[in-house]
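**Q** Have a look at the structure that comes next, please.
Laboratory data are not the source of any read-out in this text; all were calculated from the coordinates shown. Keep in mind that this is a model prediction, so the values were computed, not measured. We place every Cβ from the backbone using ideal geometry, glycine too, and count neighbours over all the protein chains shown.
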Amino acid sequence: MQFIRYQGTEPNHRGVHLGIFALANSLGHGGKLSAAEHAIWRAGNDWYDAAYPNPSRTHRAIYDHAINPGAVAWFKGSAQHLLERVEPYLRLLDAHRIGWEKLESSAPGTIIYEDGVQVIATPAAP
């Protein structure tokens, strides 16, 4: 199975590359978006919130760095309906000069959560 992740090019203070949703949310919650950009961001988040489960709502510690260091989410390649709606987030990041990259892997790490459209994985040990 193929997995796809969009993430920032710069790691955070813990060495984790934040996903594009976290990066866009930082812009939105930080008041850095224009009114038009805010509407795009809010509409995108509302759509994604309704389209698939948020694992952190049911597994509150899933992204806890002490428990699952480096945990990040990956789309399943079969989740085309979700992947097709990523572009507006990428345009927001581009407009604010936030670097991003697309990763594809058949081995995203140790999978600690899985549902029909995504996995959350911690990096494989070196």
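**Q** Could you tell me which of the residues Lys102, Lys76 is loosely packed, with under 13 Cβ neighbours inside 10 Å and basic (Lys, Arg)?
**A** When all the criteria are applied, what remains is Lys102.
**Q** While we're on this one: Could you check the stretch 64-91 and list, in sequence order, the residues that are free of Cβ contacts under 8 Å to residues at least 12 places away in the same chain, assigned to a loop (DSSP other than H, G, I, E, B) and not β-branched (Val, Ile, Thr)?
**A** Residues satisfying the conditions are Asp64, Ala66, Glu84.
**Q** If the requirement is being surrounded by 15 or more Cβ atoms within 10 Å (Cβ to Cβ) and under 14 Å from Ala73 (Cβ atoms), which of these qualifies: Gly28, Gly44, Gly8?
**A** Result of the check over Gly28, Gly44, Gly8: Gly8.
**Q** Within the group Leu82, Leu18, Leu93, which residue is farther than 27 Å from Thr110 by Cβ and crowded, with 17+ Cβ neighbours inside 10 Å?
**A** Answer to the selection: Leu93.
**Q** Considering only the stretch 46-54, I want to know if a residue exists there that is touching a residue at least 40 places away in the same chain (Cβ under 8 Å), in a loop (DSSP other than H, G, I, E, B), out of contact with any strand residue (DSSP E or B) (no Cβ under 7 Å at 6 or more places or on another chain) and under 21 Å from Pro69 (Cα atoms).
**A** no
**Q** Sort through Ser26, Ser78 and tell me the only one that's over 14 Å from Gln2 (Cα atoms) and polar (S, T, N, Q).
**A** Ser26
**Q** Which condition from (1) assigned to a helix (DSSP H, G or I); (2) more than 19 Å from Ile20 (Cα to Cα) is the one that Asp94 breaks?
**A** Here Asp94 meets the rest and fails (2).
**Q** Which numbered condition in (1) surrounded by fewer than 18 Cβ atoms within 10 Å (Cβ to Cβ); (2) more than 16 Å from the chain's Cα centre (by Cα); (3) not small (Gly, Ala, Ser) is the only one that Ile62 fails?
**A** Answer for Ile62: the failing condition is (2).
**Q** Read through the list (1) in contact (Cβ under 8 Å) with a residue 60 or more places away in the chain; (2) small (Gly, Ala, Ser); (3) assigned to a loop (DSSP other than H, G, I, E, B), then give the number of the only condition that Ala24 fails.
**A** Looking at each condition in turn, Ala24 falls short on (3).
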